[in-house]
Amino acid sequence: MEEESIKMQQIFRMKGGQGEESYAKNSKIQGAYLSSTVPVLVQAALDFCDNPLPGCVNIADLGCSSGPNTLFAVTELTNIFYRTSWQLGRSQPEFSVFLNDLPGNDFNTVFKSLPAFQEKMRAENGPDFGPCYISGVPGSFYGRLFPSNSLHFVHSGSSLHWLSQVPPELNNTSNPLMNKGKVFISKTSPPAVIEAYQAQFQRDFCSFLEARSKEVVPGGRMVLMFKGRRVDDPAPDESCLLWDYLGQAFQDLVSQGLIEEKKLDTYNTPYYEPYTEEIKDEVERQGSFDLDCILPIILPWDGCNGGIKCTRETTARNTGKAMKAVNGSMIKSHFGEDILDPLFQRFMEIMAADTKKVEHVSLVVSLVRK
Ligand SMILES: C[S@@+](CC[C@H](N)C(=O)[O-])C[C@H]1O[C@@H](n2cnc3c(N)ncnc32)[C@H](O)[C@@H]1O
């Protein structure tokens, strides 16, 4: 594994705990995406029930993080498997649930929430439910995480847009590709920068499929939801606008002398939003999975407000807090902790002063192991 990728695994984490700045309190938009994924998740689970279920259904959630979204898909899936078995008069399966994330994830908070989760599942489904054995699996989903032929259902929400590392061409210390004043692809990015991001996505997504192809049983299912593009254009507003606000906020901090320009030039986000066709191409090239469906999920520009109508200022504040909960660890590691508050304060001011209202787009991809 490349050194940069190991470094990323050590640094990258959502803000843990349950405080005001935590991911748990600032992940409403990811929660809204999960809710929109339900019809695809339900269909995939029902299709899996076309054949008799194994005695123990092994389910993995990859990139589980910590907070109200962590057990969302697991709840849906175990409910469907339990209820469908009951309706068909079949014996009830046991469940083995694997919650995966990078080693720095706040697994402690997740584990503390498990007794209440188990209690809720028993209360809702009755004493015949389960048992449901839950464990944490720290490690990168770009490598092997589970024994061969061991998983029946894999879910991943809002995680696979995170690359294993910044594309190496942008990190090359002697002659790096420059994406001046930006921290992600934007309309002004040189084509070589966009190509480097595309190539990193292809390598990573292929590694992901390769690892899962060994772990998922034939006929097993994967439902993957992550940020993506419904258009070929690599820099539409719906992919770039928030990153442009962040880039502008960084540049303002450079102007104020709070950070060095050189430091900003060497900061890039290990993130990519693939176009639907890029996903189809990788699935086909890797060859182990049939693509059942791939659909866009569109959320309104103020999706981070949890469905509540708010002023532009409040929406900007909520968006800034969500961006900080997700990106804070990487920014802190590169620039130091002191810039986090002024940076995201500036982000919120820039977004509040703008007038654009750009939709958020994710893709949900349903796959069957051949
Ligand atoms: C935005 S959060 C999504 C969390 C949750 N699934 C949800 O829907 O709210 C993305 C998660 O993916 C995890 N992640 C990113 N890259 C990963 C990798 N290579 N392996 C495992 N987890 C990863 C991050 O640590 C983070 O917890």
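The values are calculated or read from the model by the stated rules, or taken from the named source; none is laboratory data. Nothing here was measured: the structure is a model prediction, and the numbers come from that model. As a convention, Cβ positions derive from the backbone with ideal geometry for all residues, glycine included, and neighbour counts pool all protein chains shown. Note: accessible area is taken over every heavy atom of the protein model, side chains too, but ligands, DNA and RNA are not part of it. Shrake-Rupley method; radii C 1.70, N 1.55, O 1.52, S 1.80 Å.
Key figures for this structure:
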item	result
Of the criteria (1) on the phi < 0 side of the Ramachandran plot; (2) open to solvent by less than 40 Å² (accessible area, probe 1.4 Å); (3) more than 18 Å from the chain's Cα centre (by Cα), which one Gln345 fails	(2)
Failed condition for Thr109, given (1) crowded, with 18+ Cβ neighbours inside 10 Å; (2) in a helix (DSSP H, G or I); (3) away from the ligand (no atom under 15 Å from the Cβ); (4) of a type outside the set (A, V, I, L, M, F, W, C)	(3)
Pairs where the first residue, in segment 4-15, is open to solvent by 40 Å² or more (accessible area, probe 1.4 Å) and assigned to a helix (DSSP H, G or I) and the second is more than 8 Å from the ligand (Cβ to nearest atom) and modelled with pLDDT under 90, C-beta under 7 Å, 6+ apart	Glu4/Asn171
Hits in segment 7-58 (condition: within 11 Å of the ligand (Cβ to nearest atom) and β-branched (Val, Ile, Thr))	Ile11, Ile29, Thr37
Selection count where residues are within 16 Å of the ligand (Cβ to nearest atom) and in contact with a Phe, Trp or Tyr (Cβ under 9 Å, 6 or more places away or on another chain), scope segment 74-106	11
Among (1) open to solvent by less than 50 Å² (accessible area, probe 1.4 Å); (2) farther than 30 Å from Asn51 by Cβ; (3) assigned to a helix (DSSP H, G or I), the one test that Leu114 misses	(2)
Verdict on Asn179 being modelled with pLDDT under 95, away from the ligand (no atom under 16 Å from the Cβ) and surrounded by 22 or more Cβ atoms within 10 Å (Cβ to Cβ)	yes
Residues within segment 19-33 that are part of a helix (DSSP H, G or I) and open to solvent by 40 Å² or more (accessible area, probe 1.4 Å), tallied	1
Leading residue by the ranking (nearest to Glu20 (Cα to Cα)) among those in segment 316-370 that are more than 16 Å from the ligand (Cβ to nearest atom) and β-branched (Val, Ile, Thr)	Ile339
Residue count, segment 213-268 (criterion: polar (S, T, N, Q) and either within 25 Å of Glu4 (Cβ to Cβ) or open to solvent by less than 20 Å² (accessible area, probe 1.4 Å) (or both))	5
Selection from segment 65-98 of residues that are buried (at least 21 other Cβ atoms within 10 Å of the Cβ) and in a helix (DSSP H, G or I)	Phe72, Ala73, Val74, Leu77, Thr78, Phe81, Tyr82
Condition check for Ser362: within 26 Å of Ser5 (Cα to Cα) and open to solvent by 50 Å² or more (accessible area, probe 1.4 Å)	no
Scope segment 139-170; condition hydrophobic (A, V, I, L, M, F, W, C), within 12 Å of the ligand (Cβ to nearest atom) and open to solvent by 10 Å² or more (accessible area, probe 1.4 Å); matching residues	Phe141, Leu145, Trp162
Selected residue (criterion: nearest to Asn26 (Cα to Cα)) from residues of segment 271-311 that are part of a loop (DSSP other than H, G, I, E, B) and either aliphatic (A, V, I, L, M) or touching a helix residue (DSSP H, G or I) at 6+ places or on another chain (Cβ under 6 Å) (or both)	Gly306
Glu337 being in contact (Cβ under 8 Å) with a residue 12 or more places away in the chain, exposed (fewer than 15 other Cβ atoms within 10 Å of the Cβ) and acidic (Asp, Glu)	no
